[in-house]
Every structure is written in structure tokens, then in C-alpha cells.
Amino acid sequence: MTEYPEIAARFARHGMTVLHEDGLYRHLRFEGDADSPFGRYPFELITWPYNLVIKAGWTFHFDIDATQDIFEVFRRTALAGEINPGYWQEKVRAGRDEVEGYDPDLFKGEVASTLAQWMRDDLDSRVIKHGKKLGFTREEITAQIRRELAWMVRPDWRAANRKLREAVHDHFFSDMADYNIEYESEAHRALYDFSYRPEGDDSEYPLYFADWHEWRLKDFTPGFLHSCHAIRHGIDLYDAARKAVAA
């Protein structure tokens, strides 16, 4: 999960205005210093028993049945200045469609991971085949023998996998690709359409992405993380103000 720590810095110079407060019925407005390099980034927190709404350019409504003062939920599930989006998302009742979104970087990472696995599998296959040519059974190939066999097959392996990497790059990422993987539907289509058979390969099936439906291609949206940091910082400011008044 990416939390974008720079988001937290947006609220470093925010101040609080109490628009309304009657017990757990609160309407608090927060706004940054106009001279801040991050701008104002205003947001509002509105609470009533068991509920909180944040308006920060994005609007999320949180509720929980177990705790009347929902500020307490956010206090006890993250340290001051930190957030817990994995748990907090479970409390979102309105705005759920904005909590997570497709992340092209996760897609690229999954493709790269699969490509690396294909290359490892190919090296293992070449080592076994070359070992058999030299009279070794699979059981006789010790770690030392495997290293020596891998060194022998490495030139052909490198050449073959250079072509594989080029095929993957051309299909998904080149300027001439038929797909724009910045969009989830296009990424899915590209995965579905890909197949590659290495030169001289006599296996039954070509290489293809078999388990991509199980890939994690979504992460918390910047808007949800922005809102989480805003809530955490707003509560911290509110608690500090209450402590100052009590003193």
C-alpha cells in the first residue's frame, strides 16, 4: 500500500475554526496558511453520534455502531500523525467507490514479477535439459553442478529472454502498443491478448498470463488518503485545542 507521506505535509500549518459544537454534534473547519507552499487545502469535519463526514474536495461518510464519539475510533486505531486506511475503509458508508482505484504501477509490478518467474523457470528448464545431455539425472544435479550448468547455458538463456522481455515491452508498454495500460479495462485486455512462444519451444502451450485475475491491481486513491490524513490531523488539532482550554 502506498500512503504518499507528502500528503501529510499538506496539513502541517492548518488552523481550526469551530463552526458549531454541541457535545458530539460538531462542525469544524480547517484551513492552511495562505503562505504555505502546499496552499490552503481546506477541509471540514462534521460529526454526530456514531458518524463522521469529511468534506475535503472528496466526501466520505464514516459510521460505526460501537462508539458514539467516532473521533475516538480514529484516535485509538492510529498513532498521532499517522493513519490506518486499511481499517478505516471498513467504516466508510458513502464514498466507497472513491476508496480504491486501479494503479498502473501495481500492474507494471505484477507483469515484471511474472516475467522474472518465467525467466527463472526457463533457466531451470535449460539446466535440466543440458544436464541430461551430459548424463546427469535430475537427482544428481547438486547445487554446485547446477551452478556450473547454469553458466554453460547462460548465453543462450540471456539471448532468449532478451527477446521475451522485448515482446512483453512491445505488447504492453511501447509507444506503438495497442493498449493504454493507464486504464484498467485496457490493461485487462492486454493481459488477455498476450501470448508468446519462444523460438524453438515445443511445449504444448505458449507463455501467457494465467492468473492475472488474482492480481492486486488496486490501491487506496490519493483522494481517500488525503481525506484520512485530514481527519487524523483535524482530530489532533481539536485535541490540542481542548487541552489548551482545559489548562
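The values are calculated or read from the model by the stated rules, or taken from the named source; none is laboratory data. These numbers were taken from a predicted model, which means no experiment stands behind them. Virtual Cβ from ideal backbone geometry, glycine too; neighbours counted across all protein chains shown. For the accessible areas, the whole protein counts, side chains as well, though only heavy atoms, and no ligand, DNA or RNA atoms are used. Shrake-Rupley method; radii C 1.70, N 1.55, O 1.52, S 1.80 Å.
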**OP:** With a point put 7 Å past each Cα toward its Cβ, work out how far D63 is from R40 in nm, to one decimal.
**Re:** 3.1
Original post:
So what are the three principal axis dimensions of the range 150-247 from its Cα atoms, in whole Å, longest to shortest?
Top reply: 80, 36, 26
**OP:** May I ask for the angle, rounded to the nearest 10°, between helix 143-172 and the longest principal axis of the chain, with both axes built from Cα atoms and the value confined to 0 to 90°?
**Re:** 60
**OP:** Kindly report the accessible area of the chain per residue (heavy atoms of protein chains, probe 1.4 Å, no ligands, DNA or RNA), in Å².
**Re:** 59
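What full-extension length gain, to one decimal in nm, is calculated for H213 and N84 as 0.36 nm per residue of separation minus the Cα-Cα distance?
On the way: separation 129, 0.36 × 129 = 46.44 nm, distance 2.68 nm.
Taking H213 through N84 to full extension adds about 43.8 nm, to one decimal.
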Original post:
Short version: ³J(HN,Hα) in whole Hz for each residue of the range 46-51, in order, from phi by Karplus 6.51 cos²θ - 1.76 cosθ + 1.60 (θ = phi - 60°), x for Gly and Pro, what are they?
Top reply: 10, 10, 8, x, 6, 9
Original post:
At a Förster radius of 51 Å, what calculated FRET efficiency corresponds to the Cβ-Cβ distance of D178 and T142, to the nearest 0.05?
Top reply: 0.65
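For the chain, state the semi-axes of the equivalent ellipsoid (square roots of 5 times the eigenvalues of the alpha-carbon gyration tensor), sorted largest first and rounded to whole angstrom. Display every interim value, and only then the final one.
Numbers: eigenvalues 597, 75, 54 Å².
The three semi-axes for the chain are 55, 19, 16 Å.
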**OP:** Tell me the label-point distance for the pair Q117, E72, using the 7 Å Cα-to-Cβ offset, in nm and rounded to one decimal.
**Re:** 4.6
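Which chymotrypsin sites (Phe, Trp or Tyr not before Pro) does the range 152-195 hold that lie in a coil by DSSP with at most 15 other beta carbons within 10 Å? Can you show the working numbers first?
Values: sites: W157, F172, F173, Y179, Y183, Y192, F194; in loops: F173, Y179, Y183, F194.
Of the chymotrypsin sites (Phe, Trp or Tyr not before Pro), the ones in loops of the range 152-195 whose Cβ has at most 15 other Cβ atoms within 10 Å are F173, Y183.
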Original post:
Cα gyration tensor of the range 48-99, axes a ≥ b ≥ c as square roots of the eigenvalues: rounded (a/c below 1.5), prolate (a/b > b/c) or oblate?
Top reply: oblate
Subject >> Rough spin-label spacing in nm, given labels placed 7 Å along Cα→Cβ, for L164 and E98 >> reply: 4.4
